[in-house]
Amino acid sequence: MLLSTCIDIIASDYARIVRYGERRERFLDALDWSQMTPEFCRRTSMADECVNEETAEAWLYLDHLEHRLAREGDVPIEMLARFVIPPHLLIAAVPA
């Protein structure tokens, strides 16, 4: 696989995580937090941190690959990291 193809894949992963984070933020902003349990608030805060970290790591990796493309050209690459939204984050904002 060429480096440019890897960049396209990671750019797609990054865009998907960013969109998820934006949708999640709008959803959480609409909640009445005074009605939520402290445990729910804690889990939601931890999940937010995970989303933020995944977003930052994907951006850093994409930036690294783009710099590598500028330095080395469109060379073959043997493996790449993928970025996904972990399943536990998809349900972390739903009160039990």
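Looking at segment 15-30 only, could you name the residues that are free of Cβ contacts under 8 Å to residues at least 40 places away in the same chain and surrounded by 10 or more Cβ atoms within 10 Å (Cβ to Cβ)? Spell out the reasoning first.
So in segment 15-30, the residues free of Cβ contacts under 8 Å to residues at least 40 places away in the same chain come out as 15, 18-19, 21-23, 25-26, 29-30.
Answer for segment 15-30, where residues must be free of Cβ contacts under 8 Å to residues at least 40 places away in the same chain and surrounded by 10 or more Cβ atoms within 10 Å (Cβ to Cβ): Ala15, Val18, Arg19, Gly21, Glu22, Arg23, Glu25.
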Residue count for segment 30-54, restricted to those that are among the hydroxyl-bearing types (Ser, Thr, Tyr) and within 22 Å of the chain's Cα centre (by Cα): 2
Scan of segment 37-55 for residues that are polar (S, T, N, Q) and surrounded by 14 or more Cβ atoms within 10 Å (Cβ to Cβ), ordered by number: Thr44, Thr55
From the option list Ser12, Ser4, Ser34, single residue qualifying as open to solvent by less than 40 Å² (accessible area, probe 1.4 Å) and either modelled with pLDDT under 90 or small (Gly, Ala, Ser) (or both) is Ser4
(1) exposed (fewer than 11 other Cβ atoms within 10 Å of the Cβ); (2) closer than 18 Å to Ile7 by Cα; (3) free of Cβ contacts under 8 Å to residues at least 60 places away in the same chain: which one isn't true of Glu72, the others all being true? (3)
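The values are calculated or read from the model by the stated rules, or taken from the named source; none is laboratory data. Everything numeric in this text was worked out from a predicted model, so none of it was measured. With ideal geometry, Cβ positions are generated from the backbone for all residues, glycine too; neighbour counts draw on all protein chains shown. Surface accessibility is based on the protein's heavy atoms, side chains included, excluding ligands, DNA and RNA. Shrake-Rupley method; radii C 1.70, N 1.55, O 1.52, S 1.80 Å.
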